[in-house]
Structure formats: structure tokens, C-alpha cells
Amino acid sequence: MHPCFRLVGLLLMVTWPNALMQADALAETNPVQRENARPGTAEWRLTNPALHHEIEGYASLTSVNRGRPIKFYVHTQDPFYRLEIYRMGWYGGAGARLTHGPVTLPGISQPMPSMDGQTGFVECAWRDPYLLVVGNESDREAWVSGIYLARLTAETSGAQAYIIFVVRDETRPSDFLFQSSVTTYQAYNNWGGKSLYDFNSTQGRRAYKVSFNRPYAISSNPAAAYGNGAGDFLTNNAVPPTDASSPSGWEYNMVRWLEREGYDVTYSTNVDTHTDARILDRHKGWLSVGHDEYWTWQMRAHVEGGRDRGVHLAFFSGNVCYWQIRLEPSAITGEPERTIVSYKDDAPTRDPYAREELEKRHLMTVRWRDESVNRPEESLIGVMYDGNPVDADIVITKADHWTMIGTELRAGDRLPRLLGYEADRVFGSAPPGTTILAESPYTFEGQPHLANMTIYALPNGATVFAAGTIQWSWGLDDFNVPELRKSSLNTRVQQITRNVLARFRQGASPHSQESHGAGSMVPGRQ
């Protein structure tokens with residue numbers, strides 16, 4: 001037990017007759033609650049974002065388990081820089097706690113990588129990293145699982161950037177596992193000139209491979225520069241110039257709310273979902289948040305396997321599992337899962353796995369719903385991507401469902417400005433028994449569309465909730481207001497989320513059935 005909790009226990013015994021009961025209750029708090037009771041700080045934010053590569057860096061891993069090492073590679077022409085590491089959470093509204101540093105280190109001007117002319121691949125071969133061992137088993141209160149930002153500050157220029165990484169805790173079961181969708185971060189990252197998108201790649205031509213061994217580029221929107229280096233965790237860093245999509249992010253809003261509410265949650269990335277077949281099994285519920293677009297075959301198999309073993313799934317997200325990707329080792333170091341492969345619409349002619357004589361044709365990097373893979377994402381999720389950019393309301397149709405308890409919602413009521421910037425719907429291959437909770441009208445490419453929010457349960461009791469929107473977490477927390485968007489805070493969204501998580505905490509009950517009335521079922525499903 002941390003020394004501060006021993007002291008609190010002694011004070012309770014002196015002050016109250018029921019002091020032992022008070023101390024026992026305190027000891028039973030979960031690690032997230034104890035962590036957020038520690039002093040936080042608002043000093044974690046960038047005050048002088050590096051707009052011109054004055055300082056930048058990347059981590060050797062997207063996540064690290066407690067007790068294991070991680071390396072930070074940093075480039076700056078300043079003679080020295082300062083490194084501070086913050087755990088992101090609630091902390092009384094401050095938003096983070098300083099967990100390591102400040103440490104002053106010599107600056108290194110790192111070599112800029114060349115670009116592969118065939119694939120557009122860019123990978124850094126930087127040297128002399130800062131090595132950090134993340135906690136140890138003897139101190140369970142240190143380096144609590146979470147999403148961490150290493151803040152870099154150049155000594156002379158004062159320019160700043162982040163390096164983002166996740167700390168896992170594979171020894172501790174928790175109620176919920178929060179997945180950070182780093183493959184989506186990297187797909188949109190155009191550091192070095194290329195992403196997996198034409199709109200922000202040099203010469204208007206995307207890459208077929210992108211590397212985790214490079215920094216995250218600064219946002220194309222100057223107003224979102226304070227997210228520099230953190231991928232899409234704080235801000236949406238890759239908004240097309242003519243797109244109405246908000247530069248505001250989504251994941252941090254959910255982290256803040258979950259930790260403010262005191263949920264027992266641990267963290268991972270979708271690279272971990274790819275590598276660990278049983279990663280969901282230590283938890284009652286698994287949470288996909290925000291923009292979870294890029295999945296490997298293994299990711300989907302492992303998520304479906306967890307569901308089939310009784311783990312609940314919540315997709316507080318949209319455009320989920322849209323593109324299939326593959327992960328390959330680093331071309332420079334050989335370290336596993338450091339390269340994303342994605343040929344997209346060019347896969348039939350360029351992807352080596354497209355050759356019919358190969359038995360791996362199902363691993364082509366195309367849409368999951370495309371004929372060569374033929375596994376529509378809604379067969380797992382309940383909905384799948386329909387259109388963007390969208391900025392509309394969620395319209396509730398199934399107000400008598402258990403997810404709506406305590407909301408006072410009625411059929412036709414709206415959850416304002418929470419549908420977007422990508423919206424999902426039911427296409428016809430959702431699992432049997434899928435219940436439609438919301439049917440939300442919006443206009444896409446001049447045509448009327450309907451987006452859906454859904455839920456279904458397997459006979460083993462595993463429940464799968466899908467919000468069908470990227471912006472769900474904006475109803476939970478107001479981070480990025482007013483800098484990048486207007487408030488969409490909504491107590492009803494908060495209550496729906498509580499209801500879903502409360503059901504998940506009960507575990508899976510075999511043969512549980514969703515309540516549904518006339519018109520609530522997916523058409524054609526019984």
C-alpha cells in the first residue's frame with residue numbers, strides 16, 4: 001500500500017469509531033481511483049508547439065508492459081532538451097500527472113530518412129535513444145496502466161512536442177480494457193511526406209507502407225498544433241483542407257470521463273490486440289473508442305474470439321474495421337509489428353497477396369466488405385461505415401431499451417451534434433437479434449441517409465454495443481472546447497454509457513436476451 005494511504009488509515013482510526021471500516025473501504029478502491037487521487041497538473045500541455053521540426057521524436061514501441069524498457073528517439077538541433085512524462089487521466093480536472101522527470105538530455109541532430117520510390121515508405125534510423133524502464137512489480141502504485149505523453153522541450157528555442165505511448169499491465173485483470181487505435185493514427189500520419197492517403201501525401205500519391213519508426217506530424221490545422229506528436233489522441237491531426245471534419249480528437253475525452261467516474265480500466269493499443277490472442281480474456285469489457293479504422297486479420301480474430309468466450313464489446317466509435325492491413329517488421333531494425341502494409345484500391349494489381357495461387361489471398365489489404373475478403377464489418381459490430389463528413393444529431397428510436405434507463409429519453413429525441421464526422425449504419429449482415437437503438441437522418445453527397453446505433457447479445461451473454469459514430473465521447477467530456485469545437489456535452493449520453501458499462505461489469509450471463517419491440521429488429525433478422 002502507498003504510504004499516503006497508510007497515513008489516511010491511521011487518521012481515520014483516530015477520528016471515527018468506524019475507522020476500520022473506513023480504512024477497508026479506502027483499500028478497496030481500484031488503481032485508477034487511487035491514481036487519480038494523486039496531485040495532477042495542468043502543466044502537461046504544450047505552450048510552444050514545434051511548428052518546423054525544431055524538436056520531435058518517436059517511441060520504440062506503441063505500448064510497453066509494466067517493468068519493461070521502452071526507448072525514445074529524439075531529434076533537435078538545440079544542444080539540450082528537457083523530457084517530462086505525464087500519465088493522462090482526470091486528476092481533479094487537471095488532466096494529467098507528472099510521473100517522470102524533468103530530465104535534461106543532450107540534443108541530437110538525427111538523419112532524415114529517404115523515401116522508397118516504389119512504396120512511398122519512410123522509416124527513421126535514429127540513434128542514441130533515451131531508455132526508460134517502466135516501473136517494477138514491487139511498487140504496484142507506480143506507472144499505473146494508462147496512456148502517457150512524453151513532453152519534449154528544446155532548450156534554446158523552447159519548441160515542444162510529444163511522444164505518445166501506452167503502459168500495459170498484463171498481470172492485473174480489470175473490468176475494462178481501453179484500446180487506443182494507433183494503426184489509425186499512423187495511417188493518417190504524413191511525417192516525411194507520406195501517409196496512406198492521397199490528400200496529405202507528396203505529389204498527391206499515397207504510400208503503400210508506413211512506419212511506426214517516425215514522429216507524428218503536426219496537424220494540418222494550426223489551431224490543433226497543441227496536439228503535436230500525440231497522433232490522434234488529443235486532436236484529429238489529418239483533416240483534409242476542404243473537409244468539414246472537426247480537428248478535435250476523441251480518445252482523450254473518453255479517458256478523462258472513465259477516470260473521472262472511477263472505472264477500473266487498463267489500457268492497450270490495437271497492435272497488442274494483433275499480437276495477443278487472449279488479451280481480452282482478462283477483462284469483462286473491451287472498449288473501442290473514436291476512430292478505429294485499420295484492422296489486421298489477427299485483430300479481428302482476437303476480438304471475435306474474446307466475444308465468443310464471453311467478453312463484452314463496446315464500439316464507442318465509428319468507421320471501425322473498414323480497411324484490412326498487415327503488420328510487418330521494421331525494414332531497418334527487424335523489430336516486429338513496426339510497419340503497416342495497406343495497398344487499398346491498388347491491392348488487386350500491387351499487393352503480393354492478390355496472386356490467386358497464394359493461400360493468403362484473404363489477407364489482401366482491401367476493405368473487409370470487399371469480395372476478396374467478404375467479411376463485412378457489421379457481422380462483428382452490428383453496423384459499418386456509410387459516409388463522411390457528417391455533423392448531425394443521433395435520433396433515438398428504442399427509448400424503452402435497458403441502455404436508456406435513467407435518461408428520460410423518448411422515441412424521436414435527439415442527442416445533438418454527436419453523429420459524425422463519420423457515420424455507420426446497418427446494411428443487412430448484422431448478427432441475428434441485433435436491435436436498432438437509433439435511426440439518425442443525415443445528408444451525404446446530396447442524398448438522404450440513415451445512421452444507426454445498435455446492440456446485440458450472443459447466447460453466451462456477451463453483449464456488443466455500437467454507437468455508430470466517431471464523436472460519441474464528445475457527449476462525455478468537453479476537452480478541446482472552445483479551442484476546436486462547440487460543446488456537445490450530454491448527460492443522457494453519459495447515462496447510456498454508464499448503463500452499458502454497468503451491464504458489462506456484471507459479466508456475461510448465458511442465454512441473455514435483448515428486450516425489443518415491434519420495428520426494433522434489423523430487417524430480415526429474427
query = Can you sort MET115, MET384 so the residue with the fewest Cβ neighbours within 10 Å comes first?
reply = MET115, MET384
request  = Compute the distance in nm between two label points, each set 7 Å from the Cα along the Cα-to-Cβ direction, one at ARG498 and one at ALA223.
outcome  = 3.2
note = By the mean-Cβ-within-10 Å protection proxy, highest first, 462-470, 345-353 rank as 462-470, 345-353
request  = Note down the relative contact order for the range 312-379 as a percent, whole number, built from C-alpha pairs under 8 angstrom at least six residues apart.
outcome  = 29
key: ALA42 paired with LYS71, simple spin-label distance in nm, labels 7 Å along Cα-to-beta-carbon   = 3.9
message = Please compute the contact order of the range 39-181 in relative form: average sequence separation of alpha-carbon pairs under 8 Å and at least six residues apart, divided by the residue count, as a percent.
response = 34
query = Based on Cβ point charges of +1 for Lys and Arg and -1 for Asp and Glu, what charge dipole magnitude is obtained for the range 154-240 about its Cα centre, in debye rounded to the nearest 20?
reply = 400
Dipole-positive endmost among THR497, ILE108, THR184 within the chain (Cβ charges, Cα centre) = THR497
request  = Rounded to the nearest Å, what's the spacing between the alpha carbon centres of the range 466-481 and the range 308-322? Just the number, please.
outcome  = 16
inquiry  = Cβ neighbours within 10 Å, averaged per peptide: list 126-132, 160-166, 188-194, 203-209 in order, most packed at the top.
reply    = 160-166, 188-194, 203-209, 126-132
query = When the helices in the chain are scored as -39500 (n - 2.57) per DSSP H run of 4 or longer and the sum is shared across all residues, what 222 nm value do you end up with, to the nearest 500 deg cm²/dmol?
reply = -4500 deg cm²/dmol
ask   = If you wrap a convex hull around the Cα atoms of the range 323-375, how much volume per residue is inside, in Å³?
value = 84
request  = Using the Cα centre as the reference, give the magnitude of the dipole from point charges on the C-beta atoms of the chain (Lys, Arg: +1; Asp, Glu: -1; all else neutral), rounded to the nearest 20 debye.
outcome  = 540
key: Per-residue Cβ neighbour rank within 10 angstrom, fewest leading, LYS360, LYS344   = LYS360, LYS344
note = Straight-line reach check, LYS209, cutoff 30 Å on alpha carbons, 8 or more apart in-chain or any other chain, hits among lysines -> LYS71, LYS194, LYS344, LYS360
task = Rounded to the nearest Å, what's the spacing between the alpha carbon centres of the range 413-442 and the range 222-247? Just the number, please.
result = 25
task = Go ahead and run the numbers for FRET between ALA244 and ASP345, Cβ-Cβ distance against an R0 of 22 Å, rounding to 0.05.
result = 0.40
ask   = Using 0.36 nm per residue, how much length does the chain from ARG278 to ARG355 gain when fully extended, once their Cα-Cα distance is taken away?
value = 24.6 nm
key: Share antiparallel - DSSP beta bridges, the chain, percent rounded to 5   = 70
task = For LYS486, list the lysines whose Cα falls under 29 Å from its own Cα; do not include residues on the same chain fewer than 8 positions away.
result = LYS398
key: Length-normalised contact order of the chain in % [C-alpha pairs under 8 Å, at least 6 apart]   = 12
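Bear in mind these aren't lab numbers, they're just calculated from the coordinates by the rules spelled out. All values derive from a computational prediction rather than experimental measurement. FYI the Cβ positions are ideal-geometry reconstructions off the backbone, even for glycines, and counts take in every protein chain you see.
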